[in-house]
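**Student:** Take this structure, written in structure tokens, and hold onto it; I'll ask about it next.
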2 protein chains.
Amino acid sequence: MGIITVVGSGMMGSAIVIPAFLNGHEIRLVGTHLDRDIIDGLRRDNRHITMKRTLPDGFKYYQIEELESALEGADLLVSGVSSFGVDWFLENILKRIHEDLPVLSVTKGMIIGEEGKLITYPEYYKRNLKGKDIKLMAVGGPCTSYELADRDDTYVCFCGDDMELLRKTKAMFEAPFYHISLSTDVTGVECAVAMKNTYALAVTLAVGLAERREGIGAIHYNSQAALFSQSVREMRRLLRLTGGRDDNIVYGAGDLYVTIFGGRTRLIGTLLGRGMPFEKAMEELKGVTLESVVIAKRTGKAVRTLIDRGEADAADFPLLLHVDDIITGGAEVDIPWTAFETETLV
Amino acid sequence: MGIITVVGSGMMGSAIVIPAFLNGHEIRLVGTHLDRDIIDGLRRDNRHITMKRTLPDGFKYYQIEELESALEGADLLVSGVSSFGVDWFLENILKRIHEDLPVLSVTKGMIIGEEGKLITYPEYYKRNLKGKDIKLMAVGGPCTSYELADRDDTYVCFCGDDMELLRKTKAMFEAPFYHISLSTDVTGVECAVAMKNTYALAVTLAVGLAERREGIGAIHYNSQAALFSQSVREMRRLLRLTGGRDDNIVYGAGDLYVTIFGGRTRLIGTLLGRGMPFEKAMEELKGVTLESVVIAKRTGKAVRTLIDRGEADAADFPLLLHVDDIITGGAEVDIPWTAFETETLV
């Protein structure tokens, strides 16, 4: 059996190793400087204070100062940091570890590379490691951490350059409730799931719009489904734009679904749909949806950059640009329905 | 302004003409022999007894015996029959009307043609009209009738062979809450939305499975999203198989979404997921989900025919075949998770 060290003991980093633990692997969960209280709590009674779940008895817990002993003899390093922790992880972890320790990252999202294009975190890490050859893998697909902790059936995709290593890693994690596909199309998988924050926010605008029209609690699905359709259309275009394979829409659509219902992005979409200005909604939800909004802003900025350069067409992304107008420019919600209409001649 | 005659005053036939009525067109709603009580009710107070909505004052109502006067001077005929009424509509309406009256059909689903392949209803009609050249169009995309009647924003696709006619028809129906794309890829649009019954049943198995594990009312989305992902994957394969364009997954995914949440198929998927045998679930829901189950059975049968002939690969449709085993063969729910896993090498 192997040793898996997780750095970043947030919800996803802590949940993803549960199936591996049940497979008999040793789990060492290391909190960053931001996770101090989480580790303290876990040491007390295995209770994860932000995920509000009890982790299996047998997990080993470490504060960041104990990193070195947590890494000793490890077979796999899991990055559990959020998209805000990417540079910290690069400087403090990736630049220090041995090249033969493979890394599996749960961080979702993409980042704008120097050339203005959206690149994946594995690609970002690789560029900044300047020749240090760490085997980087990432996890995509629909998964909320607490439901994985509850052992609800979950289907994800591990991606990376090395299929042999992916298979080995899958063997450590696969469990009766955790199902894993593999892909070497890192850009495709990561792009498909990075878009979900923007589009989950977009779809849930309809939740708030129905309430604005008919009162809190009113529910309609035609308008949500309409925005879901348009989201799938634009996500497929974004996949093409980044060079990812079209098949990955499978993960994109699933991740959009789970984010609309299981995620926190829904809260802000609903408030905006009801007519609350963005700044006020952000105040109301202080902290809760920060990461998803930042990812959405990044995506909007990157697509606008491509449009400015003539590498993308604004007409292809009316919903994404509208969401960006709302969260960046303070625009009022006014779904550009007509812009979604197409004529297809075969 | 034009005259639109609807034959089949069920929920969708009655709802789809609301936007056209608001655009100033004359609406003549004709009940079939099965709709007698609906028409009686509407004549009394514009209340639609099965949709449980009041239709706009100004609709004209007809019993089937008054068909001739309802058709007099009509510019467009809407077929509002369910998939059970297709042959009745063919024999009693299509074979009798004038060739220059275009037809828009709201009937969803596909049918097994003589050669064992899935064909669209417009194609089925065309074959059986033996040279009579009626301009047939159909509606696809996510739309529940009562939400359209409530004027929730709805986004659909009108498809047919003649783009000019599609544009003209769109102009009659397009409204601030009814948004329409157009396509001449009839097979693609119809195939994408025909699959939704099978896959909505599949996704909602997870609703019941979570309840079986944790008690009624327990809700998880990872497993629903996992099945949603796999559904999108198999729907794309079915599109390829029938020769429809891949873009239509946009409508398929949206229609799946609205059927999971706004439709009646959810009831049966949930009961089956909880562990209730199919026959018992059907008894419990007597009548309610009949059409969706019949469509699912048809789809299963057609795909099995293609597999038997070597034109499709069973390994490509594990979820569809499992649903078919449940509803046709009485199999127990046991999601074939491992069969969903793929390896993608780029």
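The values are calculated or read from the model by the stated rules, or taken from the named source; none is laboratory data. None of the values given here were measured: they were computed from a predicted structure. Cβ placement follows ideal geometry from the backbone for every residue including glycine, while neighbour counts extend to all protein chains displayed.
**Student:** Would you please list the contacts, defined by Cβ atoms under 8 Å and residues six or more apart or on different chains, that run from a residue in the stretch A:304-316 that is within 22 Å of A:F340 (Cβ to Cβ) to a residue that is not hydrophobic (A, V, I, L, M, F, W, C)?
**Tutor:** Filtered contacts from the stretch A:304-316: A:R304/A:D324; A:L306/A:G116; A:L306/A:K117; A:I307/A:D313; A:D316/A:E234; A:D316/A:R237.
**Student:** In the stretch B:277-346, which helices (runs of 4 or more DSSP H) lie fully inside it and hold 1 or more residues that are among the small types (G, A, S), under 24 Å from B:A225 (Cα atoms) and more than 14 Å from chain A (Cβ to nearest Cβ)?
**Tutor:** Working: elements: B:278-284, B:290-308, B:318-329, B:337-340.
Result: B:278-284, B:290-308.
**Student:** Yes or no: B:P176 within 10 Å of chain A (Cβ to nearest Cβ) and surrounded by fewer than 24 Cβ atoms within 10 Å (Cβ to Cβ)?
**Tutor:** Working: within 10 Å of chain A (Cβ to nearest Cβ): yes; surrounded by fewer than 24 Cβ atoms within 10 Å (Cβ to Cβ): yes.
Answer is yes for this residue.
**Student:** Any chance the stretch A:238-247 includes a residue that's assigned to a helix (DSSP H, G or I), crowded, with 22+ Cβ neighbours inside 10 Å and over 20 Å from the mean Cα position of the chain (by Cα)?
**Tutor:** No, because not a single residue in the stretch A:238-247 is assigned to a helix (DSSP H, G or I), crowded, with 22+ Cβ neighbours inside 10 Å and over 20 Å from the mean Cα position of the chain (by Cα).
**Student:** For A:S231, work out the one condition from (1) more than 8 Å from chain B (Cβ to nearest Cβ); (2) crowded, with 24+ Cβ neighbours inside 10 Å; (3) within 30 Å of A:I27 (Cα to Cα) it doesn't fulfil.
**Tutor:** (3)
Yes/no matrix, rows are residues, columns are (1) at pLDDT 95 or above; (2) out of contact with any helix residue (DSSP H, G or I) (no Cβ under 7 Å at 6 or more places or on another chain):
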| site | (1), (2) |
| --- | --- |
| A:T289 | no, no |
| A:S292 | no, no |
| A:A314 | yes, no |
| A:G330 | no, no |
| A:W337 | yes, yes |
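**Student:** Any residue at all in the stretch A:79-95 that's touching a residue at least 24 places away in the same chain (Cβ under 8 Å) and of a type in the set (D, E)? Please lay out each step first, then the result.
**Tutor:** Going residue by residue through the stretch A:79-95, those that are touching a residue at least 24 places away in the same chain (Cβ under 8 Å) are A:79-86, A:88-90, A:93-95.
Right, trim to of a type in the set (D, E) and you get none.
So far as the stretch A:79-95 goes, no, none of its residues is touching a residue at least 24 places away in the same chain (Cβ under 8 Å) and of a type in the set (D, E).
**Student:** Now, a different point. Would you say A:T50 is among the polar types (S, T, N, Q) and out of contact with any His (no Cβ under 9 Å at 6 or more places or on another chain)? Even if it seems obvious, please write down each step before you answer.
**Tutor:** On the way: among the polar types (S, T, N, Q): yes; out of contact with any His (no Cβ under 9 Å at 6 or more places or on another chain): yes.
Criteria met by A:T50.
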